[in-house]
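*Asks:* Quick one: structure below, then a few questions.
The values are calculated or read from the model by the stated rules, or taken from the named source; none is laboratory data. Computed from a predicted structure; not experimentally measured. Note that we place each Cβ from the backbone using ideal geometry, even for glycine, and neighbour counts take in every protein chain shown. These area figures cover heavy atoms from the full protein model, side chains too; ligands, DNA and RNA do not enter into them. Shrake-Rupley method; radii C 1.70, N 1.55, O 1.52, S 1.80 Å.
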Amino acid sequence: EEALIPRVAFEFPENILSWAYLRITIQAFGERFRYRTDIYVGMTLAVMLVLMIMTLSYLIMATNRQAEFGRVYVLEAIIAVSVMVVYLMLISLSGAMVNEELALHSRTLAARALRTRSRLIFREEQRCDNDNDEENTEESDEELWARQIECIEGVMGIVDVNNELRPFKVLGITAQYAVTVSIFTTVLSFFSVLFSLYYSSSSEVSSELALA
């Protein structure tokens, strides 16, 4: 699949500027859906928290917890929480991957600038060692490389500022893999409490049967 993706020819400074403008345009177009995503995520998070609190409160106050676990609305609440967690984790992972891709752009430009500058330095050293008839061609190559370096460094500054000021955010929080881990940890705590309630209820029923 990567072979089918067109590559940007950095040999020409005009391509670098066109890529930078296209990147900013696409990122600005994607921000149109940011508020919609925030609304969806906010509503999902609110409903999930309410379901978690109601389910735990109901099971804690129940006298026969083991029987309550088999009721339809309890199972529906648990399934709904699971689906919402998967949705939130997918949104968080997608945002983290987008931010990682944005940071990769900056690193790619830096590597390209370093590689071009190394070629320029090597050509200058080669010219100092031996003067030949290709001096004019070498000078034109050096001018092109110098323009490439200047253009890449300018675009790098724009990309870095853009990544810092306009990262992918969900509810005002920058999407990172740590956010996904936090969501997973919170839900894991919820299910561990459910398991402990069910296990304690089973133990109480077993003890009552043994005494009877």
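*Asks:* Could you give me the ³J(HN,Hα) list for the range 56-62, computed from phi with Karplus coefficients 6.51, -1.76, 1.60 and θ = phi - 60°, whole Hz, x at Gly and Pro?
*Replies:* Karplus-based 3J(HN,Hα) across the range 56-62 equals 5, 5, 5, 6, 5, 7, 6 Hz.
*Asks:* Something else about it: Would you mind telling me the share, in percent, of accessible area of the range 6-105 contributed by carbon and sulfur at probe 1.4 angstrom?
*Replies:* It is 73 percent, rounded to a whole number.
*Asks:* Please find the FRET efficiency linking Glu153 to Ala28, where r is the Cβ-Cβ separation and R0 is fixed at 25 Å, and quote it to the nearest 0.05.
*Replies:* After rounding, the FRET efficiency stands at 0.60.
*Asks:* A further question follows. Just read off the accessible area of Arg166 with the full protein assembly in place, 1.4 Å probe, to the nearest 10 Å².
*Replies:* The accessible area comes out at roughly 60 Å².
*Asks:* Quick one: net charge around Tyr177, please, counting Lys, Arg +1 and Asp, Glu -1 for every other residue with C-beta under 14 Å from its C-beta.
*Replies:* Values: positive: none; negative: Glu100, Glu101.
Overall, the nearby charge balance is -2.
*Asks:* Please give the residues of the range 63-94, grouped as numeric ranges, whose backbone N is less than 18 Å from a label point set 7 Å along the Cα-to-Cβ vector of Tyr199.
*Replies:* 65-67, 69
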